[in-house]
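The values are calculated or read from the model by the stated rules, or taken from the named source; none is laboratory data. A quick note: this is a predicted structure, and the numbers were derived from the prediction, not measured. Cβ: placed from backbone, ideal geometry, glycine included. Neighbour counts: every protein chain shown. Calculation scope for accessible area: heavy atoms of the full protein, side chains included, ligands and nucleic acids excluded. Shrake-Rupley method; radii C 1.70, N 1.55, O 1.52, S 1.80 Å.
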Amino acid sequence: MTVTIRYFALFREQTGKDQETLELSAATPAAAYQEVSHRYGFSLPLDRVRFAVNGQYQPADSALPAACTLALIPPLAGG
Amino acid sequence: MPFSLTREPIPCGELSAALANSAAGGLSTFEGRVRDNHLGREVLSLTYEAYDKLAESEGDRILAEASKRFSLCGVRTIHRIGELAIGDAAIWIGALAAHRQEAFAACRWVIDEVKAHVPIWKKEFYADGPAEWVNCACGHQQYAHDAWQVHAAHLGLTQLAAYTLIDIREPMERLGDPAWVHAVPNLPMSEPDIYLQLPADRPFLLACAKGIRSRNLTLWLREQGHENFFSLDTGIHGLAHALA
């Protein structure tokens, strides 16, 4: 499935990019994170990452729609 | 849009003046500023980054909920992103209500919700070492399994009794809490050195409002070799729920 991944903060620095479009075998945000994590060597465990699909928070085990944009959300620190 | 992001200095005075309603008897505002220290390290400057679209929709959702929950006459929040210097305002919250109680309560509720849900990240630049994304201590493999993190949902009275529970919030935050919370010892996190003097042979369970500050403090203590500290993931009020 074609997924556009958006990277912020720590992930943006670790990948050196804001976003990229990839062909993934993953069907859920959690599986997509594992695939991308393997590619770039992310060390943040899955349970500390949240996901947004097409601009809305979604559970890690939700189904990814076709041609979606998946944002990887590292631990927040606003305010 | 009641919630917005800006790259410019926040005009706090103008925002206060603009929140006007003749039926409102109280305006409570909160201004979060950049501190020169974080867990004992000297901070030189910092950068905030946001996922704009989601930050704005989550921020608006939180303010709409605050409006209903506290019967507000008006509410506004603005978060600054980009590079900030020490003393700069990072966030401004204004809650306008008929009476002070609702205005105060709304202001506190909004800042806690923003911290928990709005996708904004902070990178701190330190005097004594490399810059870090706050709350992302990812280089520390020993924390990967989060053994220091205690889940309230898995905690019964027997397990809880194994720890000495400490409320790390500031005394102001305990006002209005039930009696059982006041029975918990209170060592405010604003003076972190006091934790270094606690006995090393007893496990301490740290609790704050939402589990974010207790996580940061626990990581800081463990980085200095104090592995007898644990963090309660839900915050202290989640404990009452878990034990009920």
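Let me know the mean shielding of B:115-126 by other chains, meaning the per-residue number of their Cβ atoms within 10 Å of its Cβ.
On the way: counts 4, 3, 4, 3, 10, 6, 11, 5, 4, 1, 0, 0.
Taking all residues of B:115-126 together, the mean is 4.
Heavy atoms of the protein chains alone define the surface here; on that basis chain B has 48 Å² accessible area per residue at 1.4 Å probe size.
For chain B, what does the helix formula give at 222 nm: sum of -39500 (n - 2.57) over DSSP H segments with n ≥ 4, over the residue count, nearest 500 deg cm²/dmol? Mind dumping the intermediate values first?
Numbers: 8 runs with 76 residues, N = 244.
That comes out to -9000 deg cm²/dmol.
Scalar couplings 3J(HN,Hα) for the range B:58-64, obtained by applying the Karplus form with A = 6.51, B = -1.76, C = 1.60 to θ = phi - 60°, are 5, x, 5, 4, 5, 5, 5 Hz; x denotes Gly and Pro. B:M189 sits with roughly 40 Å² accessible to a 1.4 Å probe, with DNA, RNA and ligands left out of the calculation. Sites count as exposed loop sites when they are trypsin sites (Lys or Arg not before Pro), lie in a DSSP loop, and have at most 14 other Cβ atoms within 10 angstrom; the longest stretch of chain B without one is B:36-244. Restricting the calculation to Cα atoms, the protein assembly as shown yields a radius of gyration followed by a Dmax of 20.5, 59 Å.
Between B:H226 and B:E14, the simple spin-label model (points 7 angstrom out along Cα→Cβ) gives 4.4 nm. Using the Cβ-Cβ distance between B:N21 and A:Q34 with R0 = 35 Å, the FRET efficiency computed as 1/(1 + (r/R0)^6) comes to roughly 0.10. The figure for B:H99 is an accessible area of roughly 110 square angstrom, using a 1.4 Å probe on the protein chains alone. Using alpha carbons only, how many degrees (0 to 90, rounded to 10) separate the axis of helix B:100-117 from the longest principal axis of chain B? Once rounded, one gets 60 degrees.
The Rg/Rh ratio of the range B:14-72, with both radii computed over alpha carbons and Rh defined as the Kirkwood radius, is 1.08. Bridge orientation summary for chain B: considering DSSP beta bridges with both residues in this region, about 65 percent are antiparallel.
Could you work out the mean count of beta carbons from other protein chains within 10 Å of each residue's beta carbon in A:43-51?
On the way: counts 8, 6, 5, 0, 4, 8, 0, 2, 0.
For peptide A:43-51, the averaged partner shielding equals 4.
Can you give the FRET efficiency to the nearest 0.05 for B:H151 and B:A127, using r as the Cβ-Cβ distance and R₀ = 35 Å? Rounded to the nearest 0.05, the efficiency is 0.45. Output the relative contact order of the range A:2-73, whole-number percent, from Cα pairs under 8 angstrom with separation of 6+ residues. Computed value for the range A:2-73: 41 percent relative contact order.
At R0 = 25 Å, how high is the FRET efficiency between B:D112 and B:E42 if r is their beta carbon distance? Nearest 0.05 is fine. Display every interim value, and only then the final one.
Working: r = 27 Å, r/R0 = 1.08.
Computed FRET efficiency for B:D112 and B:E42: 0.40.
The length gained on full extension between A:D61 and A:Q19, counted as 0.36 nm times the residue separation minus their Cα-Cα distance, comes to 13.0 nm.
Provide a whole-number value for the mean count of partner chain Cβ atoms within 10 Å of the Cβ atoms in peptide B:41-52.
Details: counts 0, 0, 0, 0, 0, 1, 1, 4, 6, 4, 8, 1.
Neighbouring Cβ atoms belonging to other protein chains average 2 per residue here.
For chain A, rounded, prolate or oblate, judged on the Cα gyration tensor with a ≥ b ≥ c (square roots of eigenvalues), a/c < 1.5 rounded, else prolate if a/b > b/c? Rounded, because the longest to shortest axis ratio a/c is under 1.5. Remark: relative contact order (chain B) = 19 percent; criterion is Cα-Cα distance under 8 angstrom and separation of 6 or more residues.
The label point for A:M1 and the one for B:T158, both projected 7 Å from the Cα toward the Cβ, are 4.3 nm apart. Using a cut-off of 28 Å between Cα atoms, the listed pairs B:K68/B:K123; A:K17/B:K68; A:K17/B:K115 include B:K68/B:K123; A:K17/B:K68 as exceeding that distance. Counting 0.36 nm for each residue step from B:S4 to B:Q101 and taking away their Cα separation leaves a gain of 32.4 nm.
When +1 charges are put on Lys and Arg Cβ atoms and -1 charges on Asp and Glu Cβ atoms, the dipole computed for chain A relative to its Cα centre reaches about 160 debye.
Treating chain B as a set of equal point scatterers at the Cα positions, no solvent, please give the Debye-formula log₁₀ I(q)/I(0) at q = 0.08, 0.17 Å⁻¹. Taken in order of the listed q values, log10 I(q)/I(0) reads -0.35, -1.38.
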